[in-house]
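Values quoted throughout were computed directly from the atomic coordinates according to the rules given, and no laboratory measurement underlies them. Everything numeric here is computed off the predicted structure, so don't read it as measured data. Note: ideal-geometry Cβ built from the backbone for every residue, glycine included; neighbour counts use all protein chains shown.
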Amino acid sequence: MLPSLWPAVLPIPLWTAWIRPLLAMPMICLDDFEAYAEHHLPIAVWDFYAGGADDCESRDKNVLAFKRIQLRPRVLRDVSAVDMRTTIQGTEISFPVGIAPTGIPSMAWPNAEISSARAADAMKTCYIASTYATCSAEEIAAVSSGCCWFQLYIFKRRDVTEELVQRVTSLGYKALVVTVDVPYIGKRRKDMLNNFKPPAHLKLKNFEIFKASVTDKDNNCLYKDVLDPSVSWKDIQWLRSLTGLPIILKGILTKEDAELAVRHGVQGIIVSNHGGRQLDGVQATIEVLSEIVKAVRGRVEVYLDGGIRRGTDVLKALALGAKCVFIGRPVIWGLAYEGEEGVKNILQILKAELHTAMALSGHKTLSEIDRTLVLFAKL
Ligand SMILES: Cc1cc2nc3c(=O)[nH]c(=O)nc-3n(C[C@H](O)[C@H](O)[C@H](O)COP(=O)(O)O)c2cc1C
């Protein structure tokens, strides 16, 4: 393993670029990218990206729960042409895997959001930019011509939130993804042990104009104290009054909240437990998906994130009613490997694996996939 020289000595692209050909590592599945990132990122940075809350139970369950679901393939169904296209919020994407929002990804690769947005665009899929991006909403919008959504946290400073919503609306983002599972930040042990702080050279660019309010004097985010824990359902109406964009709630885990979301007029739900980084001890997202899809009864689109690592995971989520899935940490691994190219590799691998999984289970189009494809294995 290389010594952790970054960020003190060498910029990331230089040392990842020269070591890779020497290692000649074949990158076949997402696990290969995870192993690469784990060995090449500084330990505290790796711990921040990999970390889950408390005992990391829900983070790990997200991945493991997919293994409990088995497939019931159909055969002799002419799968010579497989079409993975779909639409989300009215925009066509080439396959149903998008990029979830992750804060401060530029510790893995410089200007990571621009690289990720470009990769998503090249692959004709969706990119969700985080409020806590290290590139501004303007810079990201400038490189995105397709499906680009903006993820919003609601701040105590409502004027900051309001201005941000108006900015992203006028920049042409296609939807507002409101993260609802972070009234406070979950407890992540390793970040506390490492006394983790993002490097000072990385700025949360969306807030440059609000220096004193949500960031400290160096424009480092005070993300622990600035989010508004008093947020409630009435704030969805307030957001609706600010923008005509589709509103998607990210972080719904129960049928009760799914029903409330629909009643409050949102256009979509992302079934998510924040990659297990918030409340530990919650179910895996794939375990609650059916309950939510059933409650929603087709009134809004339902998406899922958490633990997607294989094309077969995507297939299982689609079978249980997700319109599209999103990936978080695998994108960080792709960035650590080779920036935009690395993220493209990750998306290409999932796309190819989904293609194979659809064909081998006898499905030519996404609309043919339904609940009869899966069964939950007994433990
Ligand atoms: C390092 C990191 C930062 C994240 N930052 C955000 C964020 O800023 N906003 C948000 O809504 N979700 C954030 N998430 C959660 C992801 O959007 C997503 O829900 C989760 O990563 C999906 O699980 P996966 O990593 O297993 O794919 C973050 C996740 C990680 C790992």
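Hey, got the Cα dimensions of the chain along the principal axes, in Å, largest first?
Principal extents (largest minus smallest coordinate, Cα): 63, 56, 41 Å.
Counting only C-alpha contacts under 8 Å and six or more residues apart, can you give the relative contact order of the chain as a whole percent?
Rounded, it is 27 percent for the chain.
As a test of the formula, what do you get for the chain when each DSSP H run with n ≥ 4 contributes -39,500 (n - 2.57) and the sum is divided by the residue count, at 222 nm and rounded to the nearest 500 deg cm²/dmol?
Using -39500 (n - 2.57) per qualifying helix, the result is -12000 deg cm²/dmol.
Tell me, what ³J(HN,Hα) does each residue in region 158-164 have, in order and in whole Hz, if you take phi through Karplus 6.51 cos²θ - 1.76 cosθ + 1.60 with θ = phi - 60° and put x for Gly and Pro?
For region 158-164, the Karplus curve yields 5, 5, 5, 4, 4, 5, 5 Hz.
Testing the spin-label approximation: label points 7 Å from Cα along Cα→Cβ at Arg72 and Met192. State their distance in nm.
Result: 4.6 nm between the two label points.
Determine ³J(HN,Hα), in whole Hz, for all residues of region 266-279 in sequence, where each value follows from phi through the Karplus function 6.51 cos²θ - 1.76 cosθ + 1.60 and θ = phi - 60°; x replaces Gly and Pro.
6, 9, x, 9, 9, 5, 7, 10, 6, x, x, 9, 10, 7
Order of Ser145, Ser272, Ser130 from fewest to most other C-beta atoms within 10 Å?
Listed from fewest to most nearby Cβ atoms, that is Ser145, Ser130, Ser272.
Restricting to region 12-376, what percent of DSSP beta bridges are antiparallel, rounded to 5?
25 percent
Fewest Cβ neighbours within 10 Å first, please rank Thr179, Thr87, Thr372 accordingly.
Starting with the residue having the fewest Cβ neighbours, the order is Thr372, Thr87, Thr179.
Between Arg158 and Thr372, what is the spin-label point distance in nm, taking each point 7 Å from the Cα along the Cα→C-beta axis?
Roughly 5.2 nm, to one decimal.
Roughly how many whole Å is it from the C-alpha centroid of region 222-261 to that of region 285-309?
Using only Cα atoms to place each centre, the spacing works out to 17 Å.
Provide Cys324, Cys147 in ascending order of the number of other Cβ atoms located within 10 Å of each residue's Cβ, fewest first.
Cys147, Cys324
By how many nm would the segment from Ser232 to Asp32 grow when fully extended, if each residue of separation counts as 0.36 nm and the alpha-carbon distance is taken off?
That works out to 67.9 nm of additional length.
Using the Cα gyration tensor of region 41-82, with a ≥ b ≥ c the square roots of its eigenvalues, what is the shape: rounded (a/c below 1.5), prolate (a/b larger than b/c) or oblate (neither)?
It is oblate, given that a/c is not under 1.5 and a/b is not larger than b/c.
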